[in-house]
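Below: the structure, in structure tokens.
Nothing in this text is a laboratory measurement; each read-out follows from the coordinates by a stated rule. None of these values were measured; they are calculated from a predicted model. Cβ: placed from backbone, ideal geometry, glycine included. Neighbour counts: every protein chain shown.
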2 protein chains.
Amino acid sequence: MNDAPRTFDIETFYQSLVEHGLIVPTGIRGGYGRSAVFEDILNRFNDLVSRTAADDGAQWFTFPPIVPRTLIEKVGYMDNFPQLSGSVHSFCGDEAVAKEISRRIHAGERWEDLLDITEVMLTPAACYPVYPMFSGLLPQGGRLVTVLNWVYRHEPSDEPTRLQSFRMREFIRVGTPDEVVAWRNQWLDRGLALLGSLGLPVASDVASDPFFGRGGRFMAASQKDQRLKFEILCPVISQEKPTAICSFNWHQDHFSSAFGIRSADQQMASTACLGFGLERVTLALLKHHGLDPKTWPAEVRAQLWG
Amino acid sequence: MNDAPRTFDIETFYQSLVEHGLIVPTGIRGGYGRSAVFEDILNRFNDLVSRTAADDGAQWFTFPPIVPRTLIEKVGYMDNFPQLSGSVHSFCGDEAVAKEISRRIHAGERWEDLLDITEVMLTPAACYPVYPMFSGLLPQGGRLVTVLNWVYRHEPSDEPTRLQSFRMREFIRVGTPDEVVAWRNQWLDRGLALLGSLGLPVASDVASDPFFGRGGRFMAASQKDQRLKFEILCPVISQEKPTAICSFNWHQDHFSSAFGIRSADQQMASTACLGFGLERVTLALLKHHGLDPKTWPAEVRAQLWG
């Protein structure tokens, strides 16, 4: 595979989005602003997801885009994905230190060593704050929660679908392993049908998370062997490397053992989540149907705005 | 003034919100989760603000909850409010350092010195990413932009209206000083009328920002003397210290000089912003009308859900 056309496509797609006023550069790689038109598509898609799940009885919660540092430590995020983490630091010193920070900033020097850690980190996936809520004994049939949140991943990139800060619409299911896997399988079909109905050429595949380092390659291979992660893929930037626009993770008892979650039969519970990458779906629609939603196929418009 | 009843009120209000399922503790002080009912109130109020401003022609943009570190440095945020800042740090090391982070976390040791700064900080006010967009010569009449974003303030508190992470709905006006001040004055009346129409006992007052340290006290006094900041206040936690639920800042040429913004007459432009604290408005409504929105006065319900 030749990288040249791929790079070309990234630049032209990014530039087209800027020229059509759909995104606004901010100086952050993977941190652009979104226009009203971009947001309208994103919100309409999110509403379509809500309508699709209307009869499932999911409970809605909204969390701020920060999680406790202890949560990140407890679930092993820094063991697995340290390269993507976002740790929040602040200033807790006295006036002399504050003056020194000002002096260094105005002198163009670095000043981060004068900060202290706070008790929070940035939310790495929208589902993270949900698992501690499930601690203890679940009701018969388990539980289903849905969230929408901004998440942070430290992977600066000019590729418009690879963002440092983006929104995930997630559903989180907890119950017995059978309940959880049946739910995941049902949503895999549903997600393909939903995205396909919007005229996107999607396909699903077994996938793995971006575990860090040499040990991480083993973790990723094991995750694939066990078929714990699936993605729904759609070509956005490249035909050869389609973009994951929806992903499904079965965590087995990873979160349940960390937070003491038991199913109604007193066994260790199982958890799974699925998440739509809302900016990625929006970008896939813009790529496939054109940069002006008014000219999109009638059946796609009817689904989103009908 | 006696602090005892105030503290008592904070605890009972927080506990009532938890017991009615309106908020969910997360372990972060000032970082609780919000229920579907809480969010519905918040979103309906935000929609009411949009309807109120429908004819103003504001352009909508949506920014991620991060800003470039250089932006924070350039506008002097660390000179004025270092104690509220949120700096994002991440892991950029090799496998040996990653292993050491894991080891320290599992040993309960501190590990933040193994991180590096990133190019971003947390958004301290929803308007910050907007000012660089105005660089250069403005059109006749200036511009008006509106945003809604999560902002971060490092001030952990158990007081439910004092959040580390919350949403601001802002309008940002840029133009000649006369245009900007006339707009600010118009919105001060409008904001009072809007919040009053929801049955909230609001009043406006001259205010100041929480500038840091001894030098900060001088800055705050000067800001008050010049009447640059106003707030709309409503008793939520205490009668004696009402809560600011909307604030108005006239920055004169602070941002215009940093970003080279000139009005159509080639003079240095002026900027002003106003922001509704969406969680604070929601909490004020819950405090004054009760914890179940179904039982709120009909005229308030008609305004929000009508």
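With the cut-off at 1.5 for a/c, could you classify segment A:1-142 from its C-alpha gyration tensor as rounded, prolate or oblate?
Cα axes put segment A:1-142 in the oblate bin.
For segment A:39-89, what size does the Cα cloud have along each of its three principal axes, sorted from largest down, in whole Å?
Extents along the principal axes, in whole Å: 37, 26, 19.
What nm value, rounded to one decimal, do you get for the distance between A:Asp189 and B:Ala298 when each label is placed 7 Å out toward the C-beta?
4.9
What's the long-distance tail for the protein assembly as shown, i.e. % of Cα pairs beyond 40 Å?
Summing the P(r) tail past 40 Å for the protein assembly as shown gives 27 percent.
Size of segment A:73-115 along its principal axes in angstrom, Cα-based, largest extent first?
If we take the Cα atoms of segment A:73-115, the spans are 38, 21, 10 Å.
Rg over Rh of segment A:138-214, using C-alpha atoms and the Kirkwood radius, what does it come to?
Ratio value, two decimals: 1.02.
Once the label point is placed 7 Å from Cα along Cβ, list for A:Gly306 the distances to the corresponding points in the other copies, in nm, shortest first.
Label point to label point, same position, other copies: 3.4 nm.
May I ask you to list the GluC sites (Glu not before Pro) in segment A:43-141 that are in a DSSP loop and have at most 16 other Cβ atoms within 10 Å of their Cβ? Intermediate results must be reported in sequence, preceding the final value.
Working: sites: A:Glu73, A:Glu95, A:Glu100, A:Glu109, A:Glu112, A:Glu119; in loops: A:Glu109.
The qualifying sites are A:Glu109.
How would A:Ile101, A:Ile172 line up from fewest to most surrounding beta-carbon atoms within 10 angstrom? Working shown, then result.
Details: A:Ile101 20, A:Ile172 27.
In increasing order of surrounding Cβ atoms, one gets A:Ile101, A:Ile172.
In a shell of Cβ-Cβ distance under 13 Å around B:Glu19, excluding B:Glu19 itself, what net charge do Lys and Arg (+1) and Asp and Glu (-1) give?
-2
Which FRET efficiency value, to the nearest 0.05, do you get for A:Glu240 and B:Ala107 by plugging their Cβ-Cβ distance into 1/(1 + (r/R0)^6) with R0 = 60 Å? List each step's numbers first, then the result.
On the way: r = 44 Å, r/R0 = 0.73.
Working from the Cβ atoms, E equals 0.85.
Quick check on the protein assembly as shown: helices-only [θ] at 222 nm, where DSSP H runs of length 4 and up contribute -39,500 (n - 2.57) each and the sum goes over total residues. Nearest 500, please.
-11500 deg cm²/dmol
Could you sort out which of A:Lys224/A:Lys287; A:Lys241/A:Lys287; B:Lys224/B:Lys287; B:Lys241/B:Lys287 sit more than 21 Å apart by Cα distance in this structure? Display every interim value, and only then the final one.
Working: A:Lys224/A:Lys287 29 Å; A:Lys241/A:Lys287 15 Å; B:Lys224/B:Lys287 29 Å; B:Lys241/B:Lys287 15 Å.
Pairs exceeding the cut-off: A:Lys224/A:Lys287; B:Lys224/B:Lys287.
Sort A:Leu114, A:Leu233 so the one with the fewest other Cβ atoms within 10 Å of its own Cβ comes first.
Least to most surrounded, the residues fall as A:Leu114, A:Leu233.
Give me a single rounded figure for B:123-129: the average over its residues of other chain Cβ atoms within 10 Å of their Cβ.
1
Using the scaling law 2.2 N^0.38 Å as the reference, what is the normalised Cα Rg of chain B?
Computed over Cα atoms of chain B, the ratio equals 1.08.
Between B:Asp55 and B:Val181, 0.36 nm times their residue separation minus their Cα-Cα distance comes to what? The partial results should precede the final answer.
Values: separation 126, 0.36 × 126 = 45.36 nm, distance 1.88 nm.
Gain on stretching B:Asp55 to B:Val181: 43.5 nm.
Placing a label point 7 Å from Cα toward Cβ, how far apart in nm is B:Ser222 from its equivalents in the other copies, listed shortest first to one decimal?
6.0
Among the trypsin sites (Lys or Arg not before Pro) within segment B:209-298, which fall in a DSSP loop and have no more than 11 other Cβ atoms within 10 Å of their own Cβ?
Counting only loop positions with at most 11 other Cβ atoms within 10 Å, the trypsin sites (Lys or Arg not before Pro) in segment B:209-298 are B:Arg227.
Percent of alpha carbon pairs in segment A:119-166 separated by more than 18 Å?
Across segment A:119-166, Cα pairs with separations above 18 Å total 47 percent.
If I take all pairs of Cα atoms in segment B:155-306, what percentage of them are more than 24 Å from each other?
So the pairs more than 24 Å apart make up 41 percent of the total in segment B:155-306.
What is the order of A:Leu148, B:Leu291, fewest Cβ neighbours within 10 Å to most?
Ascending Cβ contact count within 10 Å gives the list B:Leu291, A:Leu148.
Could you work out, residue by residue across A:23-33, how many beta carbons of other chains sit within 10 Å of that residue's beta carbon, and then give the average as an integer?
Average per residue, whole number: 6.
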